[in-house]
Protein chains: 2
Amino acid sequence: MRIKQLEYLEAVIETGSINEAAKRLYLTQPSLSSAIKDLEKEMGITILQRSNAGVRLTADGREFMNYAKQILDQVHLLDDRFKKQQPLHQSFAVSAQHYAFVVNAFVELLKKINAPTYKFTLRETETENIFNDLRTFKSELGVLYINN
Amino acid sequence: MRIKQLEYLEAVIETGSINEAAKRLYLTQPSLSSAIKDLEKEMGITILQRSNAGVRLTADGREFMNYAKQILDQVHLLDDRFKKQQPLHQSFAVSAQHYAFVVNAFVELLKKINAPTYKFTLRETETENIFNDLRTFKSELGVLYINN
DNA sequence: TCGATTTACGCTCGACGTAACTATG
DNA sequence: CATAGTTACGTCGAGCGTAAATCGA
């Protein structure tokens with residue numbers, strides 16, 4: 001049993017669908033499906049009742065989740081205490097020419113992410129510097145617009 | 001972070017030595033060492049103070065273990081409830097000729113394991129049947145003695 | 001130099017992906 | 001037939017191994 005599997009299961013139950021949960025977890029539906037299956041096999045119980053309308057907890061599954069939730073809560077406590085300190089410095093920088101559509105896209109991104117995990121930077125610079133920024137890993141993404 | 005890592009760490013702390021813990025966990029010392037290192041790196045703290053006399057908990061490590069112990073306790077609760085039901089049928093069988101040293105070794109094994117997890121069987125049979133038992137997976141181990 | 005840990009590096013297995021299949025309203 | 005799920009199978013990385021290096025009493 002892996003902590004990840006419990007987190008996966010939690011997401012599946014919250015969404016009521018392996019498909020939806022897979023999207024939220026950024027993995028493919030078959031991968032998630034087999035991860036859950038592996039867990040069920042290891043525990044020797046059926047946790048989910050599958051149908052074409054999604055999934056529902058079985059009685060065993062409901063009891064299992066009670067235990068699993070306890071574990072996840074403890075894991076979160078530990079993570080909060082120790083883990084999340086330094087990822088604050090993580091940054092995502094874009095170097096681009098000065099164009100409105102770049103700024104718009106960047107703002108859209110900020111809206112979507114909306115988390116304090118990353119430090120976002122948009123460098124508007126000359127074309128040549130875009131290449132330099134990427135080569136020196138100063139920026140993660142470069143945007144060029146070539147007008148024909 | 002994996003549950004295994006926490007269990008590894010627990011064993012290391014209980015024994016006060018990566019070497020000893022590795023033996024208890026049936027893995028090699030370097031593997032265990034790097035597993036612990038990975039955990040420390042992920043958490044961004046130093047858990048163990050290494051020396052040529054073994055290891056000791058740092059202040060961070062002591063606090064970390066308080067959290068980890070909670071997680072492990074919850075995991076054990078879950079395992080006890082669901083997991084350990086069927087492994088009772090697991091069996092370990094030996095096919096061998098009738099020799100005192102085989103019986104002695106088998107008894108030694110029983111003493112050492114001393115757990116109700118396995119069903120032990122010793123089949124004393126003719127040489128040819130030893131091969132058959134292994135081929136059909138009836139036994140896990142065959143013992144032949146060739147007298148010169 | 002002995003007994004502990006770490007570093008270097010190779011292999012295998014498992015986690016995840018893609019493609020194709022199944023089933024039900 | 002659309003939308004849920006699973007099965008089949010390939011790939012890549014992580015976990016574990018072995019061998020050699022390091023380090024302190």
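The length gained on full extension between A:VAL143 and A:THR28, counted as 0.36 nm times the residue separation minus their Cα-Cα distance, comes to 38.5 nm. DSSP beta bridges confined to chain B are antiparallel in about 30 percent of cases. Rg and Dmax of the protein assembly as shown, both derived from C-alpha coordinates alone, stand at 27.7, 92 Å.
Here the dipole of chain A is about 120 debye; that uses its Cα centre as origin and unit charges on the Cβ of Lys and Arg (positive) and Asp and Glu (negative). Taking a quarter of the surface of the Cα convex hull of chain A gives a mean projected area of 12.7 nm². Sorting A:ILE113, B:ILE146 from the fewest to the most surrounding beta carbons within 10 angstrom yields B:ILE146, A:ILE113.
For A:ASN19 and A:ARG135, the FRET efficiency from 1/(1 + (r/R0)^6), where r spans their Cβ atoms and R0 equals 45 Å, is about 0.65.
The label-point distance for B:LYS111 and B:GLU42, in a model that sets each label 7 Å from Cα toward Cβ, rounds to 4.1 nm. Relative to the other identical copies, B:SER34 shows label-point distances of 2.5 nm, where the label point lies 7 Å from Cα along the Cβ direction and values run shortest first.
Averaged over the residues of B:58-65, the number of partner chain Cβ atoms lying within 10 Å of the residue Cβ comes to 1. Each other copy places its own label point for A:GLN49 at 5.7 nm from this one, sorted shortest first, where the point lies 7 Å along the Cα-to-beta carbon line. Partner shielding of B:40-48 amounts to 2, given as the average count of beta-carbon atoms from other chains within 10 Å of each residue beta-carbon. When the pairs B:LYS23/B:LYS83; B:LYS111/B:LYS138; A:LYS83/B:LYS83 are compared against a 28 Å limit on Cα-Cα distance, A:LYS83/B:LYS83 fall above it.
How big is the C-alpha Rg of segment A:90-146 next to the rule-of-thumb value 2.2 N^0.38 Å, as a ratio? If you can, show how the numbers build up before the last one.
Working: Rg = 11.2 Å, N = 57, 2.2 N^0.38 = 10.2 Å.
Cα-based Rg divided by the globular estimate yields 1.10.
Normalised by the number of residues in chain B, the average gap of Cα pairs under 8 Å and 6 or more apart makes the relative contact order 18 percent. For chain A, adding -39500 (n - 2.57) for each run of n ≥ 4 DSSP H residues and dividing by the number of residues yields -17000 deg cm²/dmol at 222 nm. Shape analysis of segment A:1-83 based on the Cα gyration tensor places the equivalent ellipsoid semi-axes at 21, 15, 11 Å, largest first. Report the calculated FRET efficiency for B:ARG62 and B:THR121 (r = Cβ-Cβ distance, R0 = 35 Å), to the nearest 0.05. Calculated transfer efficiency: 0.15. Placing a label point 7 Å from the Cα of B:GLU128 along the Cα-to-Cβ direction, the distances to the matching points in the other copies come to 8.9 nm, shortest first.
Values quoted throughout were computed directly from the atomic coordinates according to the rules given, and no laboratory measurement underlies them. No experiment lies behind these values; they were computed from the predicted model shown. Using ideal geometry, Cβ is built from the backbone for each residue, glycine included, and neighbour counts are taken over all protein chains shown.
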